[in-house]
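K.L.:
Below is one structure. I have some questions about it.
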């Protein structure tokens, strides 16, 4: 997403939470679902542009600095308990 490319991701695990509206979700066990979703993105320029914009916006929520701060907070809470 941070590279400006719409993502096609599994509809399972944490990916829907991470990608939000920017993700294009597929059943990872269904090759047709994966191929179809990729084709839809490649054929629909408006959808591609929308998902590209949503992905860039969503990816800005995740930074190394923010991750490091949350990790340190978690460690401090653990040490204090």
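What follows draws every value from the coordinates through simple rules; no lab data is involved. Computed from a predicted model, the values in this text were never measured in an experiment.
K.L.:
Pick out which of 35, 49, 68 has the largest mean-square fluctuation in a Gaussian network model of the chain, springs linking Cα atoms closer than 10 Å.
P.N.:
Greatest mean-square fluctuation among the candidates belongs to 68.
K.L.:
Could you pull the Rg and Dmax for region 7-80, using just the Cα atoms, both in Å?
P.N.:
Looking at region 7-80, its Cα Rg and Dmax stand at 16.4, 54 Å.
K.L.:
Give me the angle, in degrees from 0 to 90, between the Cα long axis of helix 45-59 and the longest principal axis of the Cα atoms of the chain, rounded to the nearest 10.
P.N.:
For helix 45-59, the angle is close to 0 degrees.
K.L.:
What is the helix-to-structure angle for 31-43, meaning the angle in degrees between its Cα long axis and the longest Cα principal axis of the chain, kept from 0 to 90 and rounded to the nearest 10?
P.N.:
80
K.L.:
Over the residues of region 1-45, compute the C-alpha Rg and express it relative to 2.2 N^0.38 Å.
P.N.:
In units of the globular-protein estimate, region 1-45 measures up at 1.11.
K.L.:
Specify the angular offset, from 0 to 90 degrees and rounded to the nearest 10, of the alpha carbon long axis of helix 64-80 from the longest principal axis of the alpha carbons in the chain.
P.N.:
The answer is roughly 40 degrees.
K.L.:
Here's something else I'd like to know. Mean separation of Cα pairs under 8 Å and 6+ residues apart, divided by the residue count of the chain: what relative contact order is that in percent?
P.N.:
34
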